[in-house]
Amino acid sequence: MHVDARTLPDDSLIEGDLCIVGAGAAGISLALEFRNSGYKVLLLEGGGFEYDDRVQQLYDGKTTGQPYYPLKSSELHYFGGTTGHWAGMCSIFDPIVFQNRPWVEHSGWPITQATVLPYYDRAWPILDLQSREFDLGYWQKRDPSLVPLPFDDDVFWTKVWQFSAPTRFGQKYKEAVVTAPDIHLYTYANVVDLAGNEGLSAIREVTVKNYAGKTHKVRARHFVLACAGIQNARVLLAANKQASAGLGNDHDLVGRFFMEHLEIKSAELWLEQKTDLKLYMAAAPRVQGELALRPGQQARHGVLNGIVSFTPLQVAERMPPFIEVWSDTDPRVNEEQVRQAQSKARGTRVGHFFDVLRTGEIHGAHRAFQMILRLEQAPNPDSRVTLAQEKDELGVPRAELNWTFTKLERQSIRKIYEIVGQQAGAAGLGRVKLKDDLAEDGVEGLPASTSAGWHHMGTTRMSDDPKTGVVDANCQVHGIQNLFVAGSSVFPTGSAVNPTFTIVALALRLADHLKAKLAATS
Ligand SMILES: Cc1cc2nc3c(=O)[nH]c(=O)nc-3n(C[C@H](O)[C@H](O)[C@H](O)COP(=O)(O)OP(=O)(O)OC[C@H]3O[C@@H](n4cnc5c(N)ncnc54)[C@H](O)[C@@H]3O)c2cc1C
């Protein structure tokens, strides 16, 4: 069922069993798990079915620290969320990502990879991946020409990506959502406040508003915030009538530990002989390999989780960093600019977004490759989302992002490139050349080539201890028994790979948990 909340009488009361705020990858995956469950699920979406600049404007905010994409255009604010223009790159988080690594301060999840694996197994069809398999051997059986670089197996292994279509949740799942009898979708229902009971041990209701000037109240037994990485923190911080620091923020953690995936283009691989490096070029249909350091090597060198991909230098040199192309506050303009820049770099017609990774148009033998290092960011309490003084049109303080780093990022970048260089030399393959922005000693900060992946993580991090995390292992906000968070804001560390596959997997896990909770109290 679908209701446009602008058409309801002002001050309506909406009631159900479960209220999910946000209809993006997380919110839609979660809601669809409740089809035929017998529970009344309220799915509140701030936007409509199409892009609306006035709604998108609610995401606008201020950035300080490391230059970042305009907040207004780094996520999408309508049904389907940011999957409206995601690129579809998917892989699993490795076991080491979940571990407490002594050399990475604040690392460690309260769950292991084994906890998430069964949910990856349920998530891959939702994202239209080809297979549950991320093991190189599986893909080599289908295409024996997918051969990794001849590096020491104890040092590097091949991390496999699969590419989603990319699945646009707003298009693919609209029909399923609006026709499901158990799911009640309300569009133009922007959550602006949450109110708890007297002791703030449970949420009683949320307030939704829209540009039609309507305000409604929504009550449910359980609430889930699935508003994406920056907005989840913003909603909690802005709900500060009963707790001045915001909800779930007794230990000043909400909004802290903001993490992105860094993309660094500061080294080149020069080979003795021309090679096509087919495995690394998304050569097989919708599959690509990247060089990944073995866990023991990460520990030995004290580096963050990072993986390396290769792009022929003659293409890469013509491609500006995303951060330069993505400078407009209208996300649609940005997407078009990226397409244009990539097509220009390849010397091909303007194609689909990011199809440089998938079409095979850049294949062929080359001597020189740019090495793109994708690196997790070290969890850092000073890298944070706070509330700005300025308010949006619905009266909610805007988000302010101060994106900062530790010294570990630059050290890891340099070390990982160096290890690739050592391996290339030892194999008699060629050599690695560091670019000037990284080669200089004694320099701090990130190389000038650094971009980021539009992945917003860590702002409501998961921990068993309320002093070190906002949500517990079940994604429940500590101390508030019926409030949960879905999305990458719960990640304590971000891994080197993109987040959406893990976001969907964790949303499915949360659905199981909520079903059990609802059943226990029915
Ligand atoms: C250009 C680009 C490329 C990307 N490529 C990849 C990729 O290749 N691989 C990958 O894994 N990830 C990629 N991502 C990231 C991916 O899009 C996100 O990880 C994913 O969409 C997050 O899902 P989510 O449900 O947490 O948030 P979203 O999909 O953003 O959904 C959040 C939803 O909440 C709604 N909402 C927000 N605030 C409120 C409120 N107050 N009240 C009601 N509703 C609200 C929004 O309108 C939206 O529908 C990319 C992102 C961008 C921008």
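Here are a few things to note about the model shown:
- Verdict on THR493 being among the hydroxyl-bearing types (Ser, Thr, Tyr) and either outside the structural domain of GLY229 (by TED's automatic domain parsing) or away from the ligand (no atom under 12 Å from the Cβ) (or both): yes
- Qualifying residue in the range 39-48 (condition: surrounded by fewer than 24 Cβ atoms within 10 Å (Cβ to Cβ) and touching a Ser or Thr at 6+ places or on another chain (Cβ under 6 Å)): yes
- When TRP86 is tested against (1) at pLDDT 95 or above; (2) within 12 Å of the ligand (Cβ to nearest atom); (3) in a loop (DSSP other than H, G, I, E, B), just one condition goes unmet, and that condition is (1).
- Meets criteria (in contact with a helix residue (DSSP H, G or I) (Cβ under 6 Å, 6 or more places away or on another chain), among the basic types (Lys, Arg) and within 27 Å of LEU262 (Cβ to Cβ)) for LYS72: yes
- Any chance ASP250 is away from the ligand (no atom under 16 Å from the Cβ), touching a residue at least 40 places away in the same chain (Cβ under 8 Å) and among the acidic types (Asp, Glu): yes
Yes/no per residue for (1) open to solvent by less than 40 Å² (accessible area, probe 1.4 Å); (2) out of contact with any helix residue (DSSP H, G or I) (no Cβ under 7 Å at 6 or more places or on another chain); (3) at pLDDT below 95:
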{"position": "LYS174", "(1), (2), (3)": "no, yes, no"}
{"position": "TYR186", "(1), (2), (3)": "yes, no, no"}
{"position": "LEU200", "(1), (2), (3)": "yes, yes, no"}
{"position": "ALA226", "(1), (2), (3)": "yes, no, no"}
{"position": "LEU236", "(1), (2), (3)": "yes, yes, no"}
{"position": "ASP252", "(1), (2), (3)": "no, yes, no"}
{"position": "LEU269", "(1), (2), (3)": "yes, no, no"}
{"position": "ARG286", "(1), (2), (3)": "no, yes, yes"}
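- Any hit, the range 276-287, residues being closer than 24 Å to VAL490 by Cα, of a type outside the set (Lys, Arg) and within 24 Å of the chain's Cα centre (by Cα): no
- Scanning the range 212-224 for residues that are farther than 21 Å from PHE79 by Cβ and crowded, with 21+ Cβ neighbours inside 10 Å yields one hit, HIS222.
- Test result for VAL178, within 12 Å of the ligand (Cβ to nearest atom), open to solvent by 20 Å² or more (accessible area, probe 1.4 Å) and under 20 Å from ALA5 (Cβ atoms): no
- Close contacts from the range 484-513, counting a first residue that is touching a residue at least 12 places away in the same chain (Cβ under 8 Å) and a second that is of a type in the set (Phe, Trp, Tyr) and more than 10 Å from the ligand (Cβ to nearest atom), with Cβ to Cβ under 6 Å and a gap of 6+ residues or different chains, come to PRO492/TRP109; SER495/PHE93; THR502/PHE93; ALA505/TYR119; ALA505/TYR120; LEU508/TYR119; ARG509/TYR119.
- For the range 291-333, a residue qualifies if it is open to solvent by 50 Å² or more (accessible area, probe 1.4 Å), assigned to a helix (DSSP H, G or I) and within 16 Å of the ligand (Cβ to nearest atom), and the qualifying residues are GLU324, ARG332, VAL333.
- Restricting the range 436-463 to residues that are farther than 17 Å from VAL254 by Cβ, in a loop (DSSP other than H, G, I, E, B) and in contact with a Pro (Cβ under 7 Å, 6 or more places away or on another chain), the residue that is nearest to the ligand (Cβ to nearest atom): HIS455
- Selection from the range 201-223 of residues that are away from the ligand (no atom under 11 Å from the Cβ) and under 13 Å from GLY22 (Cα atoms): PHE223
- Yes/no for GLN422 being more than 23 Å from LEU304 (Cβ to Cβ), open to solvent by 30 Å² or more (accessible area, probe 1.4 Å) and free of Cβ contacts under 8 Å to residues at least 24 places away in the same chain: no
The values are calculated or read from the model by the stated rules, or taken from the named source; none is laboratory data. Note that this is a predicted model, so its numbers are computed, not measured. As a convention, Cβ positions derive from the backbone with ideal geometry for all residues, glycine included, and neighbour counts pool all protein chains shown. SASA here: full protein model, heavy atoms, side chains in, ligands and nucleic acids out. Shrake-Rupley method; radii C 1.70, N 1.55, O 1.52, S 1.80 Å.
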